[in-house]
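Reading through the structure tokens given below for one structure.
Values quoted throughout were computed directly from the atomic coordinates according to the rules given, and no laboratory measurement underlies them. These figures come from a predicted structure and were not determined experimentally. No Cβ is skipped: glycine too gets one built from the backbone with ideal geometry, and neighbour counts run over all protein chains shown.
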Amino acid sequence: MIKPEIRVIGIDDGKFVPRKKGSVIIVGVVFRGGCSLEGVMHAHVIVDGFDATEQISIMIRTSTHDKQLRLIMLNGITFGGFNVVDLKKLHSQTKLPVLALASKKPGLDAIHTAINQMSQSEKRWALILKAGAIHEIMCKGKKLYMETEGISLSDAQEIVELTATRSSLPEPLRVAHLIASGVSP
């Protein structure tokens, strides 16, 4: 059974100009369950780069919340365009289960086509495939799609439902999105 006040970090990126060189802010929001905001942290990743996994890992491992966290919740597996997070590596580096959540089913064919227009497309595509199966779940009557690492599908779904207190999107991700969007230029 998952504790009702499990500490979860939700991570989302801010606004950025697609295909333009630069960086984008990523915001991590620590919640206790789906009710209590415990902390906020941030980092930057390169737009369409390859540093999202490392920057998220460093952000978490150097935070004062590191020892209390029990799960990383990502808004998808890409940040700053196609800066793809390696879920297995992030799990290994942080020793925390990882859950990547999306409100719309990822269109893998469209993603593959877009990635093929980029440098190092094979590396990006390999990371997307490495993330594993995309599972469809229901939360508050709406479909969500998730990929997991280091956690069972049933435990992941239980945590999503536990932390989704205001909408079908879990509070850690909803608030991370609001903050990241609000502080972006």
Can you work out the Karplus-derived ³J(HN,Hα) for every residue in region 17-32? Use 6.51 cos²θ - 1.76 cosθ + 1.60 with θ = phi - 60°, whole Hz, and x for glycine or proline.
8, x, 6, 9, 4, x, 10, 9, 6, 10, 10, x, 10, 8, 10, 9
Under 5 Å from the placed amide H of K143, counting only residues 5+ away or on other chains, we find none
Quick check on region 50-148: of the DSSP beta bridges with both residues there, what percent are antiparallel, nearest 5%?
75
Any aspartates and glutamates with Cα under 20 Å of the K140 Cα? List them, leaving off those in the same chain fewer than 8 positions away.
E5, D155, E158, E161, E171
Point-to-point label distance, K130-T165, nm (Cα→Cβ direction, 7 Å offset)
3.6
Stretched fully, the stretch from E158 through K143 gains (0.36 nm per residue minus C-alpha distance, one decimal, in nm) 4.0 nm
Per-residue ³J(HN,Hα) for region 57-68, Karplus 6.51 cos²θ - 1.76 cosθ + 1.60, θ = phi - 60°, Hz, x for Gly and Pro
4, 4, 4, 6, 5, 9, 7, 6, 8, 3, 6, 8
May I ask what percent, to the nearest 5, of DSSP beta bridges between residues of the chain are antiparallel?
80
With mean projected area of the Cα convex hull in nm² in mind, check [x] 10.4; [y] 9.6; [z] 11.4 and report the label derived from this structure.
[y]
May I ask for the distance between the Cα centers of region 109-162 and region 20-79, given as a whole number of Å?
17
Extension gain, S92 back to K123 (0.36 nm per residue minus Cα-Cα distance, nm):
9.2 nm
Out of R32, R124, R166, any idea which swings most in a Gaussian network model of the chain, alpha carbons joined below 10 Å?
R166
Between their Cα atoms, which of K95/K123; K95/K130; K15/K95; K105/K130 are more than 21 Å away from each other?
K95/K123; K15/K95
Under the 7 Å Cα-to-Cβ spin-label approximation, K20 and F50 lie apart by a distance in nanometres of 2.6
